[in-house]
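Working notes, structure below.
Bear in mind that the values in this text are calculations on the coordinates, not laboratory data. Not measured: the values here are computed from a predicted model. A quick note on method: Cβ atoms are made from the backbone with ideal geometry, for glycine too, and the neighbour counts reach across all protein chains shown.
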Amino acid sequence: LTYNVAVVGATGAVGQQMIRLLEERNFPIKQLKLLASGRSAGKTVTFKGQEVVLEEATPESFAGIDFALFSAGGGVSKELAPHAVRHGAVVIDNTSAFRMDPDVPLVVPEVNMDAALAHKGIIANPNCSTIQMVAALKPLYDRFGIDRIIVSTYQAVSGAGQSAINELRDQSRDVLDGKEAECHVLPVGKLPVHHQIAFNAIPQIDVFTDNGFTYEEMKMVNETKKIFGDDTVQVSATCVRIPVVYGHSESVYVELKQDYDLNEVRALLENAPGVVVVDAPQEQQYPLATDATGKLDVFVGRLRRDLHHPRGLHMWIVSDNLLKGAAWNTVQIAEELIKARA
Ligand code: A2P
Ligand code: 11C
């Protein structure tokens, strides 16, 4: 069986990775439709040696489409995903548009693929910083239970799209050349104040909510509860943008519900699907964003007991935010849906 697949946001940082994965993984495609804004219509992309012409995404773009993979911003998803469903497509949406909708499953295949199978047309892909954290914590959640999580993130600029990647490159060059850095994109393009990201760390990703946490931080709180199907997990997050292009890193402190043995934790993580343990501090081996770039896995290391809390555990979790954090999780859901139908 082969399928008609549409990628919405095909020119974007995530969309380009979706196309690459569909090609590399030999996804069973009958026809690939590449959609973006009217600005990109008529440009071409090479897929499996053939030129595919980009088209403007419209409500009628989805006739005959089986899988529509969206990553063109929440506004585009809100407007066009219902049309894709109307045309009979399964939408896998990488934006925040439908994540907290009770009728839409929020899915990380290693954690809750069963929820995806009960979809009503739209399946939401979680935020990148949530995906890598819950993928790594799932085996510990199942074995010991989790009371609370305190996470600080070190997030790559690619999470904010191609324009943020360009801004980091331009600013780095300008600062090294002794010129003034121009700031237009980060932390949030649409806000009036922008900060330099080159040689800096910005403790703001997305806009602030009323409680003093940002939306990015609240996504980690609310999405974790929805994915685990457990409102009792207490999550507090501080999300920080750093001058890395690809790969989000996270310092995660977790309080388990039961006493644990560190060797058992390591063994559980080593056997977890999609998780790779890199944890030999005496040999300076731990997960690095540079090593995770281009890989599909979630890397975990720096496993250690808390000094004070008997059930407290510290870990360092790294993954490619454009892959497991976005494009791969989306394509993986589609692959798993196909497997489940077979
Ligand atoms: P385009 O390149 O034509 O503007 P990123 O996340 O890297 O910033 O990419 C955003 C993606 O969303 C791009 O592919 C962009 O296409 C696409 N996009 C932006 N606005 C629209 C729109 N109104 N309709 C469809 N795609 C859009
Ligand atoms: C970032 N996590 O790194 C964001 C990008 O809700 O899908 C993804 C935003 C989202 O800026």
Checklist entry - What is the percent of Cα-Cα separations in segment 40-94 that go past 17 Å? => result 42
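So, R0 is 51 Å and r is the distance between the beta-carbons of residue 2 and residue 166; what FRET efficiency does that work out to, to 0.05?
Efficiency, rounded to the nearest 0.05: 0.90.
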Checklist entry - If a helix is a whole DSSP H run, which ones in the chain reach 15 Å or further along their own axis (Cα) and hold a mean Kyte-Doolittle hydropathy of at least 1.6? => result none
Item to check | Length released on extending from residue 56 to residue 201, taking residue separation times 0.36 nm less the Cα-Cα span | outcome: 48.6 nm
Checklist entry - What length, rounded to one decimal in nm, is gained on full extension from residue 120 through to residue 86, with 0.36 nm per residue of separation minus their alpha-carbon distance? => result 11.1 nm
Checklist entry - Magnitude of the Cβ-charge dipole of the chain, K/R +1 and D/E -1, about the Cα centre, nearest 20 debye? => result 440
Checklist entry - Packing-wise, with mean Cβ within 10 Å as the measure, how do 326-335, 235-244 rank, highest first? => result 326-335, 235-244
Checklist outcome for this item: For the chain, Rg(Cα) over 2.2 N^0.38 Å is 0.99
Checklist entry - Efficiency by 1/(1 + (r/R0)^6): what FRET value for residue 302 and residue 225, r their Cβ-Cβ distance, R0 = 25 Å, to the nearest 0.05? => result 0.50
Checklist entry - How long is the gain from residue 270 to residue 24 if the chain were fully straight, where each residue apart is worth 0.36 nm and the alpha carbon distance is subtracted? => result 86.0 nm
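Using a Förster distance of 30 Å, how high is the FRET efficiency between residue 208 and residue 280, based on the Cβ-Cβ distance and rounded to 0.05?
Numbers: r = 39 Å, r/R0 = 1.31.
For R0 = 30 Å, the calculated efficiency reads 0.15.
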Next on the checklist: Checking the cross-link filter: which aspartates and glutamates have an alpha carbon closer than 13 Å to that of residue 257, excluding same-chain neighbours under 8 positions apart?
Outcome noted: 142, 147
Checklist entry - Residue farthest toward the positive end of the dipole of segment 73-189, with Cβ of Lys/Arg at +1 and Asp/Glu at -1: which of 118, 128, 183? => result 118
Next on the checklist: Can you return the lysines within cross-link range of residue 33? Criterion is Cα-Cα under 20 Å, with same-chain partners fewer than 8 residues away left out.
Outcome noted: 43, 48, 78
Checklist entry - Going by average Cβ neighbours within 10 Å, how do the peptides 254-261, 207-214 rank, with the highest at the top? => result 254-261, 207-214
Item to check | For segment 190-291, alpha-carbon Rg relative to the globular expectation (2.2 N^0.38 Å, N residues) | outcome: 1.33
Checklist outcome for this item: The size of the Cβ-based charge dipole (Lys, Arg +1; Asp, Glu -1) of segment 236-313 about the Cα centre, to the nearest 20 debye, is 240
Next on the checklist: What is the ratio of the Cα radius of gyration of segment 83-183 to 2.2 N^0.38 Å, with N the residue count, to two decimals?
Outcome noted: 1.49
Item to check | segment 147-189: proportion of alpha-carbon pairs further apart than 13 angstrom, % | outcome: 59
Item to check | Spin-label zone in segment 145-176 - amide nitrogen under 20 Å from a point set 7 Å from the Cα of residue 39 along the C-beta vector | outcome: 157-171
Checklist entry - How many angstrom lie between the C-alpha centres of segment 144-180 and segment 253-315? => result 23
Item to check | the chain, helix-only ellipticity at 222 nm - DSSP H runs n ≥ 4, -39,500 (n - 2.57), divided by all residues, nearest 500 | outcome: -9500 deg cm²/dmol
Next on the checklist: How much of the DSSP bridge set in segment 5-141 is antiparallel, in percent, rounded to the nearest 5?
Outcome noted: 20
